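The values are calculated or read from the model by the stated rules, or taken from the named source; none is laboratory data. Bear in mind that the values here come from a model prediction, so they are computed numbers and not experimental data. Methodologically, a virtual Cβ is constructed for each residue, glycine included, from the backbone with ideal geometry; neighbour enumeration extends over all protein chains shown.
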Amino acid sequence: MLAYRHAFHAGNHADVLKHTTLVAVLRHMNLKDKAYRVVDTHAGAGGYSLQSEYAHKRGEYEHGIARLWGRDDLPAPVADMVGLVRDFNGGKELRQYPGSPAFAHMLLRPQDQLRLFEIHPTDHKILASYLGEQPNVEIKMSDGFTGLTPQLPPPSRRGVVLIDPSYELKSDYAKTLAALREVLTLFAECTVIVWLPQLQLLEAAQLPQRLKASAETLAKKGWLHAQLTLSQADARGFGLLGSSIFVANPPHTLHDKLKDSLPWLTTTLAQFDGARHRLERGGGA
């Protein structure tokens with residue numbers, strides 16, 4: 001786990017889907033004045049240079065945020081996310097990409113709270129130097145899977161939990177499912193966002209179905225699952241084919257926002273002719 005660095009992957013197509021969804025969820029939370037708490041279980045460094053050796057080694061951002069940069073035909077939810085990336089860069093040149101903590105911090109209001117967990121010592125140090133002195137922000141150098149219980153439910157009983165492990169260890173799949181169940185058992189109204197890699201791996205294929213089954217019984221407002229398949233596996237069957245976002249208790253506006261955005265993202269970010277998308281929802285009253 002400690003070998004993983006998101007700097008290699010920052011701004012890729014998976015980040016585009018994840019952060020478009022996160023921004024849409026937080027925008028909806030902001031429609032009510034009542035405070036809420038955001039908990040990020042695997043926060044990373046908070047921001048990443050796209051001019052670094054890490055970013056250029058794989059160039060994944062070139063198939064993600066770089067394909068959206070400077071376009072004027074973005075669907076509204078995607079344009080909202082890209083606008084925040086532009087704000088983070090402070091200009092028209094794409095030099096940096098914000099992590100989930102940065103997106104959340106840009107959108108949270110004075111009454112809201114941000115709780116960040118990051119176990120990698122280097123990323124934790126960068127994150128702490130970036131957001132550690134900000135009001136209503138707490139950063140812990142610990143495993144977010146084990147730190148959820150004390151954070152929930154917040155006094156306001158409004159909250160968003162982002163679960164986004166690297167999945168480098170197969171145990172992350174079981175821990176993610178357990179974390180979703182834990183959150184919804186403690187706080188059935190919580191909006192839980194889970195990022196999932198699309199791989200040719202049994203655990204990766206099974207997890208979305210297991211999340212759906214748990215949310216059917218535990219999430220008061222049902223669930224939503226959005227997937228982008230954008231690439232093919234290599235000759236050995238390896239590689240990230242795409243990714244998906246699972247949301248328990250999604251805002252009622254989220255389905256329509258993604259319904260309009262996913263086809264456009266599929267066409268724009270496709271890396272092979274068979275690129276496709278999927279959008280499902282279920283459960284709830």
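A few notes on this one:
- Close pairs (9 angstrom Cβ cut-off, 6 or more residues apart or separate chains): under 18 Å from residue 163 (Cα atoms) in the stretch 18-36, part of a loop (DSSP other than H, G, I, E, B) and among the polar types (S, T, N, Q) anywhere: 24/253; 36/30; 36/111; 36/156
- Filtered residue count, the stretch 55-106, keeping only those that are among the hydrophobic types (A, V, I, L, M, F, W, C), touching a residue at least 40 places away in the same chain (Cβ under 8 Å) and within 21 Å of residue 124 (Cα to Cα): 5
- If you go through the stretch 192-241 and pick out every residue that is over 28 Å from residue 149 (Cα atoms) and of a type in the set (Gly, Ala, Ser), you end up with 5.
- Residue list for the stretch 226-241, filter: surrounded by fewer than 24 Cβ atoms within 10 Å (Cβ to Cβ), at pLDDT 95 or above and farther than 18 Å from residue 211 by Cα: 229
- Residues satisfying the stated conditions in the stretch 86-119, i.e. surrounded by fewer than 23 Cβ atoms within 10 Å (Cβ to Cβ), touching a helix residue (DSSP H, G or I) at 6+ places or on another chain (Cβ under 7 Å) and over 20 Å from residue 194 (Cβ atoms): 87, 88, 94, 95, 96, 105, 106
- When we screen 42, 19 for residues that are closer than 19 Å to residue 114 by Cα and not in a helix (DSSP H, G or I), the only hit is 42.
- Look at the stretch 150-174: where a residue is under 13 Å from residue 186 (Cα atoms) and a partner is of a type in the set (Lys, Arg) and assigned to a loop (DSSP other than H, G, I, E, B), sitting 6+ places away or on another chain with Cβ atoms under 6 Å, you get 158/34.
- When the criteria are applied in full, residue 55 meets the requirement of being touching a Gly at 6+ places or on another chain (Cβ under 8 Å), in a helix (DSSP H, G or I) and over 23 Å from residue 257 (Cβ atoms).
- Of the residues making up the stretch 123-162, those that are polar (S, T, N, Q), modelled with pLDDT of 95 or more and in a helix (DSSP H, G or I) are 129, 151.
- The residues on offer are 258, 262, and the sole one that is outside any loop (DSSP other than H, G, I, E, B), in contact (Cβ under 8 Å) with a residue 40 or more places away in the chain and touching a strand residue (DSSP E or B) at 6+ places or on another chain (Cβ under 7 Å) is 258.
- Per this entry, residue 29 is not counted among residues that are among the hydrophobic types (A, V, I, L, M, F, W, C) and either surrounded by fewer than 17 Cβ atoms within 10 Å (Cβ to Cβ) or within 23 Å of residue 270 (Cβ to Cβ) (or both).
- Inclusion of residue 212 among residues that are of a type in the set (D, E, K, R) and in a helix (DSSP H, G or I) is warranted.
- The stretch 14-63: number of residues that are closer than 13 Å to residue 108 by Cβ and aromatic (Phe, Trp, Tyr): 1
- Members of the stretch 6-16 that are of a type in the set (A, V, I, L, M) and either outside any helix (DSSP H, G or I) or without any contact (Cβ under 8 Å) to a residue 60 or more places away in the chain (or both): 7, 10
- Checking each residue in the stretch 64-102 for being farther than 25 Å from residue 137 by Cβ, part of a helix (DSSP H, G or I) and either among the basic types (Lys, Arg) or at pLDDT below 95 (or both) picks out only 67.
- Options 230, 218; residue that is out of contact with any Asp or Glu (no Cβ under 9 Å at 6 or more places or on another chain) and farther than 17 Å from residue 160 by Cα: 230
- Every listed requirement among (1) touching a helix residue (DSSP H, G or I) at 6+ places or on another chain (Cβ under 6 Å); (2) surrounded by fewer than 17 Cβ atoms within 10 Å (Cβ to Cβ) is met by residue 44 save one, (2).
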